[in-house]
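The values are calculated or read from the model by the stated rules, or taken from the named source; none is laboratory data. Note that this is a predicted model, so its numbers are computed, not measured. All Cβ positions, even for glycine, are placed from backbone atoms using ideal geometry, and neighbour counts span all protein chains on display. Accessible surface areas use protein heavy atoms only, side chains included; no ligands, DNA or RNA. Shrake-Rupley method; radii C 1.70, N 1.55, O 1.52, S 1.80 Å.
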Amino acid sequence: MINKTAYIESTGVNPHRNLAMEEYLFSGCEKDEAILYLWQNENTIVIGKNQNAWKECQISRIEEDGAVIARRISGGGAVFHDLGNLNFTFLVSKENYDLKRQLEVILKAVQKLGIHAEASGRNDILVDGQKFSGNAFHEHKGRCYHHGTIMVDVKLGELNKYLNVSKKKLESKGIKSVRSRVTNLIDYNPELTIDRLKAALKETFEEVYGHKSRIIKEEDLDQTAVQELYEKYSSWEWVYGREFEFQYEVSERFSWGQVDIQFQVDCGMITDIAVYSDSLKPGVIQELPGKLKGIRYNNQAMGEKIEELHSDEEQEEEMFRDIERWLRNVEL
């Protein structure tokens, strides 16, 4: 049961520091507590934990324009943030995690601002059938977080400018472009501002959870611990990952996300492997390299190894079986 709530706003717009603060809050969230963290990034592309930055982003253009790439610890796809976007994070213990309740905070806040919205699937929030909020999730050591975007007045043209969107992904959703399926809330309430949205979110957060929130300020955080996390999030190794020279690559789009696997092969054996995905279940993807490295580079051997992987969670089990069937039949 949640007996107390806390609220914090980031005062800066550096994505690496904001993600560092998010992880710090996550690690310190108490068992009976819910925390709402609001933050903004300036001209940033944020990619999911298992994504390939080189494939997802127009890196040279990003560097030329002085934009920033950041990698989060949750799964999902790449998103563009500017100051017309507000990010939210709900941080709770696993036993108190309730996606429906958390989404209710967002939906009620938007409703207070005169806009009717609805949740769609597991990770989108829509108005008039168009997406203004995407969500991602993370679980670790008995704690969970749910974070996402709220597009108020985002420069939509930047979406296509900086992101390389998979044609398979667009085809699977029956849409022509990223821009055609997203919208800004300001189009539905021209007087809306980020500050008004923040106030509405804090108000509905307290209403939904039934507690007045303790206000956390940035200076209340352990600055040494936050700085250590900042150094991780801003490092080349974390953002871009290791450079990987591969000989063979296979890719497939499933109902739950895209998977790309790159192989180094010597004398018919897989000597190294990199796996990328925009799946919201990063743990499943991280299981694959350890199973496939060191085995024969053929369908049967890979299928048999993935067959050994199982999960008690229905969606994760479905993912393992989808990947197994694919690798048993993919043309190598």
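Exactly one condition in (1) open to solvent by 30 Å² or more (accessible area, probe 1.4 Å); (2) closer than 30 Å to TRP326 by Cα is false for GLY241; which is it?
(1)
Output the residues belonging to segment 192-209 that are closer than 28 Å to ASN160 by Cβ and either open to solvent by 40 Å² or more (accessible area, probe 1.4 Å) or touching a His at 6+ places or on another chain (Cβ under 7 Å) (or both).
Within segment 192-209, just THR193 meets the criteria.
Being farther than 26 Å from VAL239 by Cβ, in contact (Cβ under 8 Å) with a residue 40 or more places away in the chain and either surrounded by fewer than 16 Cβ atoms within 10 Å (Cβ to Cβ) or within 22 Å of the chain's Cα centre (by Cα) (or both), is that true of even one residue in segment 290-307?
no
So SER255 ticks every box in (1) farther than 20 Å from HIS147 by Cα; (2) under 24 Å from the mean Cα position of the chain (by Cα); (3) open to solvent by less than 30 Å² (accessible area, probe 1.4 Å) but one. Which box is left unticked?
With (1) farther than 20 Å from HIS147 by Cα; (2) under 24 Å from the mean Cα position of the chain (by Cα); (3) open to solvent by less than 30 Å² (accessible area, probe 1.4 Å) applied to SER255, the lone miss is (3).
Only one residue in VAL68, VAL79 is of a type outside the set (Ser, Thr, Tyr) and within 22 Å of ILE106 (Cα to Cα), so which one is that?
On the way: VAL68 fails: within 22 Å of ILE106 (Cα to Cα).
Criteria check complete, one pass: VAL79.
Take the residues in segment 210-232 that are among the hydroxyl-bearing types (Ser, Thr, Tyr) and touching a helix residue (DSSP H, G or I) at 6+ places or on another chain (Cβ under 8 Å), then tell me which one is most open to solvent (accessible area, probe 1.4 Å).
In the first step, residues of segment 210-232 are kept if they are among the hydroxyl-bearing types (Ser, Thr, Tyr); the result is 213, 224, 230.
Right, trim to touching a helix residue (DSSP H, G or I) at 6+ places or on another chain (Cβ under 8 Å) and you get 213, 230.
Working: SER213: 13, TYR230: 65 Å².
Among those residues, the one meeting the criterion is TYR230.
Has segment 299-317 got at least one residue that is touching a Gly at 6+ places or on another chain (Cβ under 8 Å) and under 21 Å from ILE73 (Cα atoms)?
Within segment 299-317, one or more residues are touching a Gly at 6+ places or on another chain (Cβ under 8 Å) and under 21 Å from ILE73 (Cα atoms).
Just to confirm my filter: which helices (runs of 4 or more DSSP H) fall fully inside segment 1-82 and include at least 3 residues that are surrounded by 20 or more Cβ atoms within 10 Å (Cβ to Cβ)?
By residue number, 15-28.
Being of a type in the set (Asp, Glu) and either more than 17 Å from VAL259 (Cα to Cα) or in contact (Cβ under 8 Å) with a residue 12 or more places away in the chain (or both) is the filter here, so list the residues in segment 308-327 that pass it.
GLU308, ASP312, GLU313, GLU314, GLU316, GLU318, ASP322, GLU324 - these are the residues of segment 308-327 that are of a type in the set (Asp, Glu) and either more than 17 Å from VAL259 (Cα to Cα) or in contact (Cβ under 8 Å) with a residue 12 or more places away in the chain (or both).
Find the strands (runs of 3 or more DSSP E) located wholly in segment 114-211 whose residues include 1 or more that are β-branched (Val, Ile, Thr) and at pLDDT 90 or above, and list them.
Correct list: 124-127, 143-151.
Starting from segment 243-264, take each residue that is of a type in the set (S, T, N, Q) and list its partners that are part of a loop (DSSP other than H, G, I, E, B), counting only C-beta distances under 7 angstrom and pairs at least six apart or across chains.
GLN258/SER166; GLN258/ASP278; GLN262/PHE244; GLN262/PHE246; GLN264/PHE246; GLN264/GLN247
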